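**Q** This is the structure I have questions about; it appears just below.
The values are calculated or read from the model by the stated rules, or taken from the named source; none is laboratory data. Everything numeric in this text was worked out from a predicted model, so none of it was measured. Every residue, glycine among them, receives a Cβ derived from its backbone with ideal geometry; neighbour counts consider all protein chains shown.
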Amino acid sequence: MDRDLINVFVLGLSFMFLFTAFQTNGFIQGPMIDSINHEYGKDQYGANTFVSMCLIYLIFSLVNWIAPAFVKLFGARISMIVSGITYILFVANFLWPQAWLLYIVSMIVGFGAAILWTAQGYYLTVCSTEKTIGRNSGLFWTLFQCSLLFGNIFVFVYFKDMTGEDIPHSTRTITYIVLSIVGSIGIVTMFFLGSPKSLQSQESIESSGSFNIIESIKESFALLSTRRMILLCITFWYTGIELSFYSGVFTTALGRINSLDKDGGNAKKYVGLAGMLIGIGEIVGGLIFGILGSKTVRWGRDPIIVLGYFIHMVSFLLILINFPPDSTISETVKKSAYIDPNLTIALISGFLLGFADSCYCTQCMSILGTLYADNSAPAFALFKFFQSIACACAFFYTPYFNLYIQLAILAIFASIGTLTFVIVEWKLRRDEHINLNNDHRVHQS
């Protein structure tokens, strides 16, 4: 089997295990913190999940400016292993719930996330060619998003018989022990990442230069000054807003609508199920776009982005009519939705959110791997900078803006971000067509 394809498979597998821990925690973090606050009292604990997530993505965005230099110094594999450990620290902190500790590890994992995703983007690019980048992006995304499926299967099965409005202490403890172990398996798997064919030796991905922060920032700013990167950054910004929505806001709001549970009045038990449906949507999208990866380059990425746009609009509409507007700003939902909250509609909305997100993220990775194949680390760092700063902003305003306002913000940025991506894609295809014609004329002459 192709060595680079094996590397991409191992990369996806390691992220699957690591993010089974982290992303599953992201979906249940809101309900978990609500339960801890009820058990200990807000005077003793008083943590806020949206403050935690805001800190993560704020630090994430800032560290992205120096992340390429870090990856250049230590290499992709070591960078991913070290930063992966910060994810385990974050998950394990819930075994000893302290608000100050939560906020500290939130900042630590924000630092690690910037390094991890810059290294991942670089490694995926050097393991790919222009013809295989679509396939490899789809394969990685599919394996990566399996984390949502497996982690939330565990949560749903373990939580389904839960009674009362809160998650018991014993349930929380076992959940985070399991997630910490699974995440650690992902870090161990990273040790098996091999040297891409495009690199001469393993040392070239372990250490490839000096730690020059100033040069790293200059490269990123130089890239940011180009027209196509400015346009793409608007798309990146939208992916950050919708990431915050499906990974934290949607499931937190769902867990507060106890009328969704007709039996026991505890909707928190359905958070894992909703996470599973989001994960299935992500996996289906990754499989489709992975299988059609070679055709994506020929047809263009814009049809997939436009498909994601319309699916997102449908999911936002379903959530608008099904969820009460105060479900994002209050632990106790008092207002009513346009219809009686329906679990089936909520789960369908989750699937659509996941599928549409895979449309955007796989194509963003694909276009960066094509446009910046020779200098991918700064490009992926900018992608994650704008995505994470948008995510931090979204988590900051979440406790203050009701659901309807948040959906309006999503719809506006979805429209603008889709348009800017299409403009860049059309320009890229036009340039490729001109180059092919020029080459053809040269050969004829």
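**Q** Which of the residues spanning region 315-328 are under 18 Å from Ser247 (Cα atoms) and β-branched (Val, Ile, Thr)?
**A** Ile319, Thr328, listed by residue number.
**Q** Report, by residue number, each residue of region 393-422 that is in contact with a Leu (Cβ under 6 Å, 6 or more places away or on another chain) and farther than 22 Å from Ile329 by Cα. Quick ask: steps written out before the conclusion?
**A** Of all residues in region 393-422, those in contact with a Leu (Cβ under 6 Å, 6 or more places away or on another chain) come to 407, 420.
Hit for region 393-422 is Thr420, nothing else.
**Q** For Ile85, which of the numbered conditions (1) among the β-branched types (Val, Ile, Thr); (2) in contact (Cβ under 8 Å) with a residue 60 or more places away in the chain; (3) in contact with a Gly (Cβ under 7 Å, 6 or more places away or on another chain) fails to hold?
**A** (3)
**Q** Would you be able to tell me the number of residues in region 365-389 that are touching a helix residue (DSSP H, G or I) at 6+ places or on another chain (Cβ under 6 Å) and closer than 19 Å to Gly308 by Cα?
**A** 5
**Q** Let me ask something else. Within region 174-186, identify whether any single residue is modelled with pLDDT under 75 and either among the hydrophobic types (A, V, I, L, M, F, W, C) or touching a Cys at 6+ places or on another chain (Cβ under 8 Å) (or both), and answer yes or no. Reasoning before the result, please.
**A** Initially, region 174-186 is screened for residues modelled with pLDDT under 75, giving none.
Within region 174-186, not a single residue is modelled with pLDDT under 75 and either among the hydrophobic types (A, V, I, L, M, F, W, C) or touching a Cys at 6+ places or on another chain (Cβ under 8 Å) (or both).
**Q** Here's a follow-up. Can you tell me which residue within region 233-244, out of those that are farther than 15 Å from Phe316 by Cβ and among the aromatic types (Phe, Trp, Tyr), is surrounded by the most Cβ atoms within 10 Å (Cβ to Cβ)?
**A** Filtering region 233-244 for residues that are farther than 15 Å from Phe316 by Cβ and among the aromatic types (Phe, Trp, Tyr), the one surrounded by the most Cβ atoms within 10 Å (Cβ to Cβ) comes out as Phe236.
**Q** Another question, then. When you go through (1) in a helix (DSSP H, G or I); (2) modelled with pLDDT under 90; (3) out of contact with any Pro (no Cβ under 6 Å at 6 or more places or on another chain) one by one for Phe413, which number turns out not to apply?
**A** The failed condition is (2).
**Q** Check whether at least one residue in region 16-29 is surrounded by 22 or more Cβ atoms within 10 Å (Cβ to Cβ), within 25 Å of Thr129 (Cα to Cα) and under 21 Å from the mean Cα position of the chain (by Cα), and report yes or no.
**A** Yes, region 16-29 contains at least one residue that is surrounded by 22 or more Cβ atoms within 10 Å (Cβ to Cβ), within 25 Å of Thr129 (Cα to Cα) and under 21 Å from the mean Cα position of the chain (by Cα).
**Q** Can you name the condition, by its number, that Leu101 falls short on among (1) without any contact (Cβ under 8 Å) to a residue 12 or more places away in the chain; (2) under 30 Å from Leu428 (Cα atoms)?
**A** (2)
**Q** Take the residues in region 327-377 that are outside any helix (DSSP H, G or I) and among the charged types (D, E, K, R), then tell me which one is modelled with the highest pLDDT. Write out each step before concluding.
**A** Here is the first cut: in region 327-377, the ones outside any helix (DSSP H, G or I) are 329-342, 372-375.
Narrowing further to those that are among the charged types (D, E, K, R): 331, 334-335, 340, 374.
On the way: Glu331: 68, Lys334: 74, Lys335: 74, Asp340: 88, Asp374: 74.
The selected residue is Asp340.
**Q** Name the residues in region 1-15 that are more than 13 Å from Arg135 (Cα to Cα) and under 18 Å from the mean Cα position of the chain (by Cα), would you?
**A** Leu11, Leu13, Ser14, Phe15
**Q** Hey, another quick one. What's the number of the condition Ser247 fails, among (1) more than 21 Å from Pro324 (Cα to Cα); (2) surrounded by fewer than 24 Cβ atoms within 10 Å (Cβ to Cβ)?
**A** Going through the list (1) more than 21 Å from Pro324 (Cα to Cα); (2) surrounded by fewer than 24 Cβ atoms within 10 Å (Cβ to Cβ), Ser247 breaks only (1).
**Q** Something else: Which one is farthest from Ser61 (Cα to Cα), of the residues in region 94-150 that are hydroxyl-bearing (Ser, Thr, Tyr) and surrounded by 24 or more Cβ atoms within 10 Å (Cβ to Cβ)?
**A** Start the filter on region 94-150 by keeping residues that are hydroxyl-bearing (Ser, Thr, Tyr), which leaves 103, 106, 118, 122-123, 125, 128-129, 132, 137, 142, 147.
Applying the additional criterion that residues be surrounded by 24 or more Cβ atoms within 10 Å (Cβ to Cβ) yields 118, 122-123, 125, 128, 137, 147.
Values: Thr118: 11, Tyr122: 17, Tyr123: 20, Thr125: 21, Ser128: 26, Ser137: 22, Ser147: 23 Å.
The extreme case among them is Ser128.
**Q** For the structure I just gave you, tell me whether Leu13 is touching a residue at least 40 places away in the same chain (Cβ under 8 Å), surrounded by fewer than 21 Cβ atoms within 10 Å (Cβ to Cβ) and either under 28 Å from Ile174 (Cβ atoms) or touching a Gly at 6+ places or on another chain (Cβ under 6 Å) (or both).
**A** Yes: the conditions hold for Leu13.
**Q** Restricting attention to region 250-258, does a residue exist that is modelled with pLDDT under 85 and farther than 30 Å from Ile412 by Cβ?
**A** Looking through region 250-258, at least one residue is modelled with pLDDT under 85 and farther than 30 Å from Ile412 by Cβ.
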